[in-house]
Amino acid sequence: MFGKILAGVDKVLTFFEEWTLFLSVMVVLIALFFNIILRYGFNYSLAWSEELVREVIMYTTFIGCSVAVKTRSMIKVDALLQLVPSLRLALMTISHAATIIFSFIMIYYGYLICLQQAATSQKTIILQIPMVILYSLLPAMGTLMLIRTIQVIYQDIMIEREKREKI
Amino acid sequence: MEWSYLIVLLLLLGMMAAYIPVFMCLFFTSAISLLIWTDIPILLLIQTIFRSMDNFALIVVLFFILCGNIMTAGTIVEKLIKFSNILVSWLPGGLGMAGVIACALFGAISGSTVATVVALGGFMIPALRRHGYPDNYSVGVMTTAGNLGVIIPPSIGMILYSMISNVSLEALFLTGFVPGVMITVGMCFYTFFIFKNNKSIVREPVPSFSKVIEVSKESFWALMLPLIIFVGIYSGMFTANEAAVVACVYAFIVELFIHKSMKFSGVKNVVVNSAVTSATLLIIVAGATCFGRYLTFENIPNKLTEAVVSAIQSPALFLLAIVILLLAIGTLMDIISATLIIGPVCIPMLQVFGIDPVHFGLIMTVALAIGYCTPPVGVSLYITGSIANKSIIFVTKAVLPYLVIQLIVLLMLTYMPGLTLLLPHLLGYETAGITLGGGR
């Protein structure tokens, strides 16, 4: 049952993450390319492109981290794991626990920052996006990472269980 | 308090050893240290994570990764190997040399060692085996040639170094060509001497002129890409940022419409993968910025500089110590984390010893790159080990001669700044201009 819920959540999240990441990167690529053409051809440049780029970097980094947790591609130092493979289970547990703690820190403090920003109602200079929307990427990152970590832990438990059954 | 620094260092290393993602290690260490020894609120660190991503220059990382990934997903690897093969296949050990040269060419598109080892090693090791090359040769050469990926620009390590040290990225890129060519030539010569008297491997005949033209035509579009990047940057047409954008657009057009090796559905996968790869790197930038907050708050870089200067007087000795340190760290950590953690601590020392920061950037990149294939824990060793189905001990023995070649190149670069800075000076980039020993 739990597995089914996770699979459903995964489907929705993956769809959301992949399409938004794809679109935001493509939009920036095209905007910057046109900016180069405009600069050379028409001596004109798009003022909003730089701001858009910075917002997209934030978006891809914070949301991309959630995908990285799912695909286990977060950068880690695996020296100890390779030298002492028997520690695998213990190290995995520590790593997952740390990610969960980090997610909660992000959710809680990210929420506090969002409240602060909402109170000041600042906006970005050119595109006039309220800062609170950009800052809400932080708690969003925390939430997504938390869900992804639970999903990865579930996978690990399933693999462990299968191994035991085989023996 | 001095002992507190040791605790912080142990905390950081301990967390890293415990398989916690590197950026979280940096974040947790700085959070804990700031909580215990200062009265800075955690909220400031969260703000730092956010603010550190608010940086236009970071986009270059994403686009160089994207460009490399587009070309890897397409047929470029095959075309580069074909082209390199026609150049050298008639020499003894020709296919092995072709592998090295293909790594170098691939390095001029891609900025990462792991990508190079996976793409070229996965293709070349089986091919070398089919042609009767001994396994210890093919594994050794393909494990170590992958380092060319990060040494030859564009290189992600150099991009981040230029960001933390404020040296010109364009100048730093230029320094990568000399060591790239030296390592390529060195490894090819070594191959030549191994196979000079070997009769069991059939040599290809010298290719006819028309054949050379035919293969060059086929790989023309692939070879144009590095040309566009570098001619664009050094003729002053593009900044490095714009070159990355143009390279991506060019790569998409070539793979979609000319090679026709990629479908529109493949585009989405490549873009998403690149965004995720760049996210895993950039979040370390955020973590390192948090850690940097702690370092500057405690004034650690300056205190460390004073300690080092009072212990070591000669710049030559300082460089030797740093190179050994970097080689050791390079085996444990990836080049991005290592650059971001070690860089800010080392850069203040350079001025005291009269070392050019551009020169140092190259030393750092090459030394950390060599760490990728240093036994027992270099990442590349495990990748080729699993491709060739060999134990880590076999791979370790196989890489030794090539590791020695690269270490010799590293030492030459370290102690001959004139050689390293030759190209930037020729093209008129202002570097600090101080050479080894001239600073005091």
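The values are calculated or read from the model by the stated rules, or taken from the named source; none is laboratory data. From a predicted model like this one, the values you see are computed outputs, not experimental measurements. When we count neighbours, we look across all protein chains shown, and the Cβ atoms used for this are built from the backbone with ideal geometry, even at glycine.
Residues that are at the interface with chain A (Cβ under 7 Å from one of its Cβ atoms), surrounded by fewer than 16 Cβ atoms within 10 Å (Cβ to Cβ) and within 27 Å of the chain's Cα centre (by Cα) within segment B:1-60 comprise B:Asp54, B:Phe56, listed in sequence order. Each residue in segment B:382-392 was checked for being within 13 Å of chain A (Cβ to nearest Cβ) and either modelled with pLDDT of 90 or more or surrounded by fewer than 21 Cβ atoms within 10 Å (Cβ to Cβ) (or both), and 5 pass. Those helices (runs of 4 or more DSSP H) of segment B:324-440 in which 3 or more residues are of a type in the set (Val, Ile, Thr) occupy B:335-353, B:357-371, B:379-388, B:392-415. If the condition is being free of Cβ contacts under 8 Å to residues at least 12 places away in the same chain and not small (Gly, Ala, Ser), then segment B:240-268 contributes B:Glu242, B:Val249, B:Ile253, B:Leu256, B:Phe257, B:Lys260, B:Lys263, B:Phe264, B:Lys268. Scan segment A:68-95 for residues that are touching a residue at least 60 places away in the same chain (Cβ under 8 Å) and either within 9 Å of chain B (Cβ to nearest Cβ) or not aliphatic (A, V, I, L, M) (or both) and the total you get is 4.
The conditions of being of a type in the set (S, T, N, Q), in a helix (DSSP H, G or I) and farther than 25 Å from B:Ser210 by Cα are met by B:Asn136.
Does B:Val88 fit the bill of being more than 19 Å from B:Ile228 (Cβ to Cβ), more than 11 Å from chain A (Cβ to nearest Cβ) and surrounded by fewer than 22 Cβ atoms within 10 Å (Cβ to Cβ)? Walk me through how you get there before you give the answer.
Values: more than 19 Å from B:Ile228 (Cβ to Cβ): yes; more than 11 Å from chain A (Cβ to nearest Cβ): yes; surrounded by fewer than 22 Cβ atoms within 10 Å (Cβ to Cβ): yes.
Answer is yes for this residue.
For segment A:102-123, residues that are within 8 Å of chain B (Cβ to nearest Cβ) and hydrophobic (A, V, I, L, M, F, W, C) total 5. Here is the figure for segment B:322-365: residues that are closer than 23 Å to B:Val178 by Cα, surrounded by fewer than 20 Cβ atoms within 10 Å (Cβ to Cβ) and small (Gly, Ala, Ser) total 1.
With the requirement that a residue be among the β-branched types (Val, Ile, Thr) and closer than 15 Å to A:Leu127 by Cβ, what does segment A:32-57 give you? Once the filter is applied, which keeps residues that are among the β-branched types (Val, Ile, Thr) and closer than 15 Å to A:Leu127 by Cβ, segment A:32-57 yields A:Val53, A:Val56, A:Ile57.
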